[in-house]
Amino acid sequence: MQVYVDGQFVPAEDARISVFDHGFLYGDGIFEGIRVYDGTIFRLQQHIQRLYNSAQCILLTIPLSPEDMRAAIVDTVARRGLPNQYVRVVVSRGAGDLGLDPRLCRRPSIVIIADTITLYAAHCYTNGLELVTVATRRTPTWALDPRIKSLNYLNNILAKLEAQQAGVLEAVMLNGEGYVAECTADNIFFVRQEQLCTPSTAAGALQGVTRDSVLDVAQALGLPTTEGFFTRYDLYTADECFITGTGAEIIPVVRIDGRTIGTGHPGPLTAQLRQGFETLCHRDGVRVSLHTTCAALA
Ligand code: PMP
């Protein structure tokens, strides 16, 4: 397996960045997680757009044009050779000195890793997940806009640990005002009276590519959608609930803070949306001609 590091493909075990890289020292950088389904890079354009928007917001000039970034991602996926992959693109501020000053980082580092991922066991998808609301809040918009997909995940990691300490796998994170924002690495949706609702980005949600895709699928199915400000009351009294993310895809939620959601089983609209999403995954993206050699599969 080869990893793209600053324009070169190197064996994974030799892939290195500097210990002076401010991505490592300070979390100064941005990233994307992207799926490949049957040789199609799902919504690559949307991921590249979000990456460059994040870069623009943190005053980081990516040393590749969006077209060259796209070509580098396609090349990495082609070399990996597997029909289904998870791709991590990281752009950090680059190597500087031990101070915070980003101007001393001469050139941002770019790493692209194409591998596989399994975040949750199969039974979570069939039986549904349990969530708990945790004390750690989502970063407020006035501190760091949640639409920036940055390398700063410490509060999300603390939230994940809190959920695990409570004996469940994922957490509901609220914003500073107590409105539901999202989960630690996933967006959250609920269905009430045949209406699909999800927290707006102004409430602290990342603008997830999966979230946007699910909203598109819902619109195509004629299901009304609302992006807004919701409290835990809205989750507790929902008919159905699910979470979405590139890694997790779509997972039904059947219990939150000890309350049973709907029937306590994955709901019919969730199933319909998952089916629509699956169809979209194989259709909407950039097709790659995979190098399916033994080396690529190693
Ligand atoms: N929220 C957060 C905090 C995330 O890190 C992610 C990505 N794992 C998501 C939501 C889901 O976004 P996407 O669908 O683009 O993967």
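Before moving on, here are some points about what is shown:
- Residue-span extension gain [A121 to Q165] - 0.36 nm each, minus C-alpha spacing: 14.0 nm
- Between the C-alpha center of region 145-222 and that of region 272-292 there is a gap of 23 Å.
- Take 20-27, 34-41 and order them by the average number of nearby Cβ atoms within 10 Å per residue, most first; the result is 34-41, 20-27.
- Compactness of region 217-284 - radius of gyration and Dmax, Cα, Å: 12.8, 38
- Calculated on the Cα set of region 122-281, radius of gyration then Dmax: 14.3, 40 Å.
- Size of region 1-72 from its Cα atoms: along the principal axes, largest to smallest, the extents are 37, 32, 18 Å.
- The Cβ shell under 9 Å around Q85 holds other residues with a net charge of +1, Lys and Arg each +1, Asp and Glu each -1.
- Simple Cβ-charge dipole of the chain, Lys/Arg +1 and Asp/Glu -1, about Cα centre, in debye nearest 20: 240
- P(r) histogram, all alpha-carbon pairs of the chain included - 5 Å bins from 0, percent: 1, 5, 11, 15, 17, 16, 14, 10, 6, 3, 1, 0
- Full extension of the chain segment joining T61 with L98 gains 11.2 nm, where the gain is 0.36 nm per residue of separation less the Cα-Cα distance.
- Size descriptors for region 29-147: radius of gyration and Dmax over Cα atoms are 17.2, 51 Å.
- Carbon + sulfur, % of accessible area of region 2-117 - ligands and nucleic acids excluded, 1.4 Å: 54
The values are calculated or read from the model by the stated rules, or taken from the named source; none is laboratory data. Treat the numbers as computed from the prediction; the structure is a model and nothing was measured. Cβ coordinates were reconstructed from backbone atoms using ideal geometry, including for glycine residues, and neighbour counts include every protein chain displayed. Protein only, heavy atoms only, side chains kept; ligands, DNA and RNA dropped before computing areas. Shrake-Rupley method; radii C 1.70, N 1.55, O 1.52, S 1.80 Å.
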